[in-house]
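S.K.: Quick one: the structure is below, questions incoming.
Derivation of every value follows stated rules applied to the coordinates shown; laboratory data play no part. Note that the coordinates shown come from a computational prediction; the quantities given were computed from them, not determined experimentally. Glycine also receives a Cβ, built like all others from the backbone with ideal geometry; neighbour counts cover every protein chain displayed.
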Amino acid sequence: MKKLLILFIAMGMIMTQRCDQPVSVKYPETKTVDVTDDYHGTTIADPYRWLEDDKSEETAAWVEAQNKVTFGYLEQIPFREDIKNRLTQIWDYPKYSVTFKKGDRYFYFKNDGMQNQSVLYVQESLEDTARVLLDPNLLSEDGTVALSGYDVSRDGKYLAYGISRGGSDWNEIYILEIESGKTLDDHLMWIKFSGIAWHGDGFYYSRYDEPTGSELSGKNEYHKVFYHKTGTPQTEDMLIYENKEFPLRNYAAGVTDDEKFLIIYETESTSGNAMYIKDLTKQESQFEAIVDGFDHDFTVIDDYDGKLLVRTNYEAPKYQLIQIDPTQKEQSNWKTILPEQENVLENVTLVGGKIVAEYMKDAYSQAFIYDMTGTQTGSLDLPGIGTLAGFSGKKEENIAFYGFTSFTFPTTIYKYDIEKNESVVYRNPELDFDPTAYETKQVFYESKDGTKVPMFIVHKKGIALNGNNPTLLYGYGGFNISLTPGFSVTRLILLEQGGIFAMPNLRGGGEYGKEWHEAGTKERKQNVFDDFIAAAEYLIENKYTSPDYLAVQGGSNGGLLVGAVMTQRPDLFQVALPAVGVLDMLRYHLFTIGWAWATDYGKSDVPEEFEYLIKYSPLHNLKTGTCYPATLVTTADHDDRVVPAHSFKFIASLQQHQGCSNPTLIRIETKAGHGAGKPTSKVIEEYADVYAFIFYNMGFKPSF
């Protein structure tokens, strides 16, 4: 019978069996409080305000009660364990990062398959046997301590690495001596939104003062840049840069590869930055402003012949590469090396005296080779439509490494000789999956206002377009972030069952440059939701699926997306999966780093911005008696990026307003955060629950 079912699926004849629907769910009692706010003459009630207190015993008891109901529901799903077992089986294969070189040594990350955290290896040459340099799995018993950042000193002597505990954005930095493998006594605390930039026998980093209130929900203010010298206590770190006049700005430090220039990037949101530089070879040198204001993005790639190569969208919405001479820094002296093209210039790397420029065409990668004057000398031959990831090379050496991935192409590492313009497979993953059985297509559909929006659709070859295919529609649409093709083991569960994965490239993202991003911000944010709704309608109209078999998913800003479309068009979806979402658009800016998102969202403090925020804020647009999709909200107790209060308040209100028997549940992970660094074991458990919930509420019985 199982072989016959597999044959039917391969031929596109998907056999579905309606599952018995669960009994009605009895939700925990959630008290309400009489709290209101006046927004420019409009009174808005906030009956679940008390759930914002992440340290109260009352909130903890509510979390425990909600999890008890949710996991009780999930445990009754008969194929939940089968999904977990299959996910574990296909997850268990070695995964590698792109190799990079510092000093005379080579470094890379490897996960044997089921390790909670990937392990950092070092080798003296490409021919030598690698040894373990840092194993984050040894830092905790349950894998909830994760590596959050790292940098190797230019001479290859030291590794400075940051760790995150329980998924928090708060980091600690340690230093490891690479030759001996010894961890030094250095221990740096209260670090957030920081890189590590080595210079000499120390490094630059960014931090806040130790918080006096809740470290997981308190507002982050007064970011500073420090210099830490190896072997000294943090109390002796030198303050390098701060700006007391603007508490809501962030500062990041970078150093050019030759350690000649220190660059400070100043931001007050998630896009646009000012930029200051200091010549570290001159003791009397002071910081000089290269760019003021926050209207455009500037990123120093490196210096070349004493001049800075900078990727920017200044006068180039799709980005260009320019050269800035620090001794003649006026804009009139800037020189264009790679002018803006039709496609977005996504990344630039200097390798072997040449420029490798990565472009994004309709959300997938292309790469071209140029000499240092900007004349094209070749192109990189990529395996197909996918994403070039992690290009790593040195400007004085010909050998580089890069990764390539697509929806059905597991991340493969290539070794590249730029002089010969030749790539060879360096590390090829082997897993229990046949990519030739699947196909990826890209379609362009029309949104509400007539804008053409691209969408990737992935499924088994020969699938029947009969409207009965379980389909997962995934989106983001914000903060200039581009969704590009990438391999995900979690999605194989859906694809193997004859399901469909669809990913549109919504406005608000960076797929077509600055204008595409801005078309999905502030008063134009509704464009993003319209694009997503139109994607769902396209899939339904073209018989890929139907509302009974359509699930919608997104995380963070994508969680807002799901919350908005499920409240605006609940008839379109059978299942809604808002993960770590921004769901209270009137108060998001009051917690941790939320204030920095105002350039995308606007703030309720501003009258005209309140008027459009209140129209789509998911928490404030739930209506009693409406039948909302079966909903599984996912969040975590240590999420200090998008605080879990968003999800808590939303699910409490949704449970009150739900007008039908569709379950509305929340799954609250413990010792986890916004998503980065989550251990493999927790990821597998969460996605087993997510797919069990999807299939069960579609009435679809998977076969294993």
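S.K.: Hey, what's the Kirkwood Rh for the stretch 95-255 if you take every pair of different alpha carbons, in angstrom?
M.R.: 16.7 Å
S.K.: Could you list Phe368, Phe298, Phe693 so that the one with the fewest beta carbons within 10 Å of its beta carbon is first and the one with the most is last?
M.R.: The order, fewest Cβ neighbours first, is Phe368, Phe298, Phe693.
S.K.: Choose one of Thr377, Ser153, His40: the residue whose Cα lies farthest towards the positive end of the charge dipole of the chain (beta-carbon charges +1 Lys, Arg; -1 Asp, Glu; about the Cα centre).
M.R.: Thr377
S.K.: When the chain is fully extended, how far beyond the present Cα-Cα distance does Thr624 get from Ser661, taking 0.36 nm per residue of separation?
M.R.: So the chain would gain 12.0 nm between Thr624 and Ser661.
S.K.: Please give the direction-averaged projected area of the C-alpha convex hull for the stretch 189-327, in square nanometres with one decimal.
M.R.: The Cα convex hull of the stretch 189-327, projected and averaged over all directions, gives 9.5 nm².
S.K.: Next up: Arranged by the count of other C-beta atoms within 10 angstrom, fewest first, what order do Phe700, Phe71 take?
M.R.: Taking fewest neighbouring Cβ atoms as first place, the list is Phe71, Phe700.
S.K.: Once both labels are modelled 7 Å past Cα along the beta-carbon direction, what's the Thr36-Gln341 spacing in nm?
M.R.: Distance between the two pseudo-spin positions: 5.9 nm.
S.K.: Would you mind calculating the relative contact order of the stretch 285-392 from Cα pairs under 8 angstrom and at least 6 residues apart, reporting the percent as a whole number?
M.R.: Relative contact order, the stretch 285-392: 15 percent.
S.K.: May I ask for log10 I(q)/I(0) of the chain at q = 0.10 Å⁻¹, from a Debye sum over the Cα atoms as equal point scatterers with solvent left out?
M.R.: Each listed q corresponds, in turn, to -1.05.
S.K.: Could you please rank Asp279, Asp292, Asp584, placing first whichever residue has the fewest other Cβ atoms within 10 Å of its Cβ?
M.R.: Asp292, Asp279, Asp584
S.K.: Counting other Cβ atoms within 10 Å, which GluC sites (Glu not before Pro) in the stretch 423-517 have at most 11 and lie in a DSSP loop?
M.R.: When the GluC sites (Glu not before Pro) of the stretch 423-517 are filtered for loop state and at most 11 Cβ neighbours within 10 Å, Glu430 remain.
S.K.: When the chain is fully extended, how far beyond the present Cα-Cα distance does Asn428 get from Lys157, taking 0.36 nm per residue of separation?
M.R.: Contour length minus Cα-Cα distance gives 94.6 nm.
S.K.: How would you classify the stretch 567-651 from its alpha-carbon gyration tensor, with a ≥ b ≥ c the square roots of the eigenvalues: rounded for a/c under 1.5, else prolate if a/b is greater than b/c, otherwise oblate?
M.R.: oblate
S.K.: Right, something else. Report, in debye and to the nearest 20, how large the dipole of the chain comes out about its Cα centre when Lys and Arg carry +1 and Asp and Glu carry -1 on their Cβ.
M.R.: Once rounded to the nearest 20, the dipole reads 2100 debye.
S.K.: What Rg and what Dmax come out for the stretch 134-229 when only alpha-carbon atoms are used, in angstroms?
M.R.: When restricted to the Cα atoms of the stretch 134-229, Rg and Dmax are 13.7, 41 Å.
S.K.: Also: Quote the relative contact order of the chain in percent (integer), defining contacts as alpha-carbon pairs under 8 Å separated by 6+ residues.
M.R.: 13 percent.
S.K.: Treating cross-link reach as a plain straight distance, find the lysines whose alpha-carbon is under 18 Å from the alpha-carbon of Lys701, omitting any fewer than eight places away in the same chain.
M.R.: Counting by Cα, and skipping residues close in sequence, Lys701 has these lysines nearby: Lys2, Lys3, Lys84, Lys460.
S.K.: Related question: Working out 0.36 nm times the residue gap between Asp295 and Ile90, then minus their Cα-Cα distance, what length gain in nm do you get to one decimal?
M.R.: In short, 69.3 nm is gained.
S.K.: Another question, if that's okay. I'd like the GluC sites (Glu not before Pro) in the stretch 222-299 restricted to DSSP loop residues with at most 10 other Cβ atoms within 10 Å, sorted by number.
M.R.: Answer in residue order: Glu245, Glu284.
S.K.: Also, quick follow-up: I'd like the chymotrypsin sites (Phe, Trp or Tyr not before Pro) in the stretch 258-289 restricted to DSSP loop residues with at most 16 other Cβ atoms within 10 Å, sorted by number.
M.R.: Within the stretch 258-289, the qualifying chymotrypsin sites (Phe, Trp or Tyr not before Pro) (loop, at most 16 other Cβ atoms within 10 Å) are Phe287.
S.K.: Would you work out the relative contact order for the stretch 95-255, in percent, from Cα pairs under 8 angstrom that are 6 or more residues apart?
M.R.: RCO, the stretch 95-255: 13 percent.
S.K.: Net charge around Leu139, counting only other residues with Cβ within less than 11 Å of its Cβ (Lys, Arg = +1; Asp, Glu = -1)?
M.R.: That sum, taken over residues with Cβ under 11 Å, equals -3.
S.K.: Past 22 Å, Cα to Cα, is the threshold; run Lys318/Lys394; Lys192/Lys678; Lys354/Lys420; Lys307/Lys514 against it and keep the listed order.
M.R.: Pairs exceeding 22 Å: Lys318/Lys394; Lys307/Lys514.
S.K.: A follow-up question, please. Please turn the phi angles of the stretch 450-467 into ³J(HN,Hα) values with the Karplus equation 6.51 cos²θ - 1.76 cosθ + 1.60 (θ = phi - 60°), one per residue in order, whole Hz, x for glycine and proline.
M.R.: These are the phi-based 3J(HN,Hα) values: x, 5, 7, 10, x, 8, 8, 10, 10, 6, 5, 5, x, 5, 7, 8, 10, x Hz.
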